[in-house]
Amino acid sequence: MDGDIFDSHSHLDAPEFDSDREAVIARAEAAGVRQQLVPAIEHGGWPKLKSVCALRPGLYPAYGLHPMFLHRHRPEHLQALPEWIDREKPAAVGECGLDFFVEGLDADVQRNYFRRQLEIARDFSLPVVVHARRAVEEVTATLRSVGGLRGVIHSYSGSEEQARQLFGMGFMIGIGGPLTFERARRLRRIVASMPLEFLLLETDSPDQPDAAHRGQRNEPAQIVAVLEIAAELRGMTTGAIADATRRNALRLFGLPPETGG
């Protein structure tokens with residue numbers, strides 16, 4: 001396949017990869033995945049994420065506090081984030097956001113962590129990697145309220161109108177394994193017709209595998225299945241989609257176009 005691929009959302013530091021991480025990276029490179037954005041989920045994992053991203057050029061960290069791990073977050077973790085960002089110079093802030101699907105997650109506490117991380121991203125002029133599950137409308141309103149932001153809504157699951165609102169704010173959407181399921185008609189319509197400059201490809205490894213690997217561990221090499229469907233939907237070559245989405249990622253994350261690193 002022509003064109004290098006940028007996986008804009010891969011949890012390569014996850015324990016699911018501890019036994020064969022080097023092989024996973026090698027398979028990704030063999031599949032054409034030259035770069036990956038690796039977002040954090042909790043304060044305790046930041047040092048490991050840093051060390052994983054040091055394994056190869058083209059692995060870029062993002063640091064933040066994921067809403068699904070609310071029970072592990074503490075106010076002092078929010079206080080530590082600006083210092084960590086200032087020292088480590090990550091590509092983005094995240095993964096942060098709102099999750100109104102998982103039961104037992106206090107919505108108001110989520111909102112507090114989310115807004116504060118958005119403010120930190122704005123203060124550092126960094127993009128945000130946003131989780132929005134059953135929360136796209138409120139996430140969009142919060143982004144607009146804080147203002148001065150750019151970023152990506154990863155694993156996008158909202159409506160076509162909500163997507164248009166996000167594009168109007170300059171936000172991108174990340175598309176992964178769910179696109180490969182034939183029943184994902186709304187998502188396929190969005191990908192087929194949206195402005196290409198707002199599209200990112202992702203795996204969310206080790207989660208959200210494509211249809212052919214349902215129930216299995218996902219990994220960055222499997223982004224090719226997402227790429228193929230996106231190319232088919234838009235009537236373009238896989239190389240053209242890979243190049244366009246890679247350029248989008250480089251632009252969003254402020255990475256040099258000549259090397260990506």
Collect the residues in the range 171-207 that are surrounded by fewer than 18 Cβ atoms within 10 Å (Cβ to Cβ) and among the polar types (S, T, N, Q), keeping them in residue-number order.
-> SER193
Quick one: which of GLY151, GLY147, GLY168 is surrounded by 14 or more Cβ atoms within 10 Å (Cβ to Cβ), within 25 Å of LEU255 (Cα to Cα) and not charged (D, E, K, R)?
-> GLY151
Residues of the range 55-79 classified as surrounded by 14 or more Cβ atoms within 10 Å (Cβ to Cβ) and either outside any loop (DSSP other than H, G, I, E, B) or of a type in the set (Lys, Arg) (or both), total = 13
Residues (crowded, with 20+ Cβ neighbours inside 10 Å, assigned to a helix (DSSP H, G or I) and out of contact with any Gly (no Cβ under 8 Å at 6 or more places or on another chain)) located in the range 216-261 = PRO220, ALA221, LEU227, ILE229, ALA230, THR245, ASN248, ALA249, PHE253
Answer yes or no as to whether GLY64 is under 12 Å from GLY94 (Cα atoms) and either small (Gly, Ala, Ser) or over 19 Å from the mean Cα position of the chain (by Cα) (or both).
-> yes
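Considering only the range 227-253, how many residues are over 17 Å from SER193 (Cβ atoms) and in contact with a Leu (Cβ under 8 Å, 6 or more places away or on another chain)?
The number of residues fulfilling the criteria is 6.
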Every residue from the range 80-97 that is under 16 Å from LEU149 (Cβ atoms) and in a loop (DSSP other than H, G, I, E, B) | PRO90, ALA91
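Let's see how each residue does on (1) out of contact with any strand residue (DSSP E or B) (no Cβ under 6 Å at 6 or more places or on another chain); (2) touching a residue at least 40 places away in the same chain (Cβ under 8 Å):
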| residue | (1), (2) |
| --- | --- |
| ARG87 | yes, no |
| GLY104 | yes, no |
| PRO127 | no, yes |
| ALA135 | no, no |
| THR140 | yes, no |
| LEU143 | yes, no |
| MET169 | yes, no |
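Values quoted throughout were computed directly from the atomic coordinates according to the rules given, and no laboratory measurement underlies them. If you're wondering where the values come from, they're calculated on a predicted model, not measured in any experiment. Heads up, the Cβs are rebuilt from the backbone with ideal geometry, glycines too, and the neighbour counts pull from every protein chain shown.
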